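**Q** Take a look at this one; I'll ask things after.
What follows draws every value from the coordinates through simple rules; no lab data is involved. Please read these numbers as outputs of a predicted model, since none were measured by experiment. Quick reminder, even Gly has a Cβ in these numbers, built from the backbone with ideal geometry, and neighbours come from all protein chains shown.
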Amino acid sequence: MDDSYSPERRRLLRRLGAAVGAFFTVILGIPAGATVLDPILRRGAAGWAEAGAAEAVKEGAATRFTYEVRAGWETRKQVGFLVREGETILALSARCTHAGCTVRFRDGRFRCPCHAGVFSLDGRPQEGPPEAPLERLETRIENGQVKVKA
């Protein structure tokens, strides 16, 4: 009788095949799992980005700043504006709420170049298709620096 077809040998080969398969599943599964879970785990870890000196923000004008936002496993640069209302400093996203274009500050108002949307100095829509105000970002002041929650 030929030993190559014995039940013990088949059982050994099946177990060896299962062990090799499990090994490669674990080796390939760890990076795949990390890729899927990393953005979910990082989502709640928002930080504070410096937006500029509080004394540089003047009444009736908007001070442009950039900050980084974590989007999944990469970071993206965003644009915002600081606006002073008395003693309060507002931080507004420069992203138009209509189509996502970057608004510009001109003549005391924010203007969207895509569809001629116009927003007031405090971010409320005034003209054009935008119906929602510009997004307000959470701010705090530390050591004379305005910080924005990214």
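**Q** Nearest 5 is fine: what % of DSSP beta bridges in the chain come out antiparallel, could you say?
**A** 95
**Q** Can you list residues whose amide H is under 5 Å from LEU137's amide H, if they're 5+ apart or on another chain and H is modeled 1.01 Å from N?
**A** Result for LEU137 returns ALA91, LEU92, SER93.
**Q** Working out 0.36 nm times the residue gap between VAL26 and ALA53, then minus their Cα-Cα distance, what length gain in nm do you get to one decimal?
**A** Extending this stretch completely gives an extra 4.7 nm.
**Q** I need the peptides 133-143, 60-70 ranked by packing, meaning the mean over residues of other C-beta atoms within 10 angstrom, with the highest value on top.
**A** For the peptides 133-143, 60-70, the packing ranking is 60-70, 133-143.
**Q** Counting alpha carbon pairs within less than 8 Å and at least 6 residues apart, what relative contact order, in whole percent, applies to the chain?
**A** After rounding, I find 20 percent.
**Q** Another question, if that's okay. Calculate, axis by axis, the spread of Cα positions in region 90-146 along the three principal axes, and write the results as whole Å, longest axis first.
**A** Projected onto its principal axes, the Cα set of region 90-146 covers 39, 20, 15 Å.
**Q** Now for a separate question. Would you please give the residues with an amide H less than 5 Å from that of CYS101, counting only those at least 5 places away or on a separate chain, with H modeled from the backbone geometry?
**A** Placed amide hydrogens put CYS96 under 5 Å from CYS101.
**Q** Still on this structure: Once R0 is set to 25 Å, what does the formula 1/(1 + (r/R0)^6) return for the Cβ-Cβ distance between THR35 and VAL69, expressed as a FRET efficiency to the nearest 0.05?
**A** 0.80
**Q** To the nearest 10 degrees, how steeply does helix 7-42 sit against the main Cα axis of the chain, on a 0 to 90 scale?
**A** 10
**Q** Shifting gears a bit: Where Rh denotes the Kirkwood radius from the mean inverse Cα pair distance, what is Rg over Rh for the chain?
**A** Rg divided by Rh gives 1.43.
**Q** Any idea how far apart THR88 and ARG106 come out in nm if each label point goes 7 Å out from Cα toward Cβ?
**A** Each label point is offset 7 Å from its Cα along the Cβ direction, giving 2.9 nm.
**Q** Region 103-117 to region 61-91: how many Å between their Cα centroids?
**A** 16
**Q** Okay, next question. Give me the net charge of HIS98's neighbourhood, meaning all other residues with Cβ under 13 Å from the Cβ of HIS98; Lys, Arg count +1, Asp, Glu -1.
**A** -1
**Q** Can you give the local net charge around VAL148? Use residues other than it whose beta-carbon is closer than 12 angstrom to its beta-carbon, Lys and Arg +1, Asp and Glu -1.
**A** Value of the local net charge: -1.
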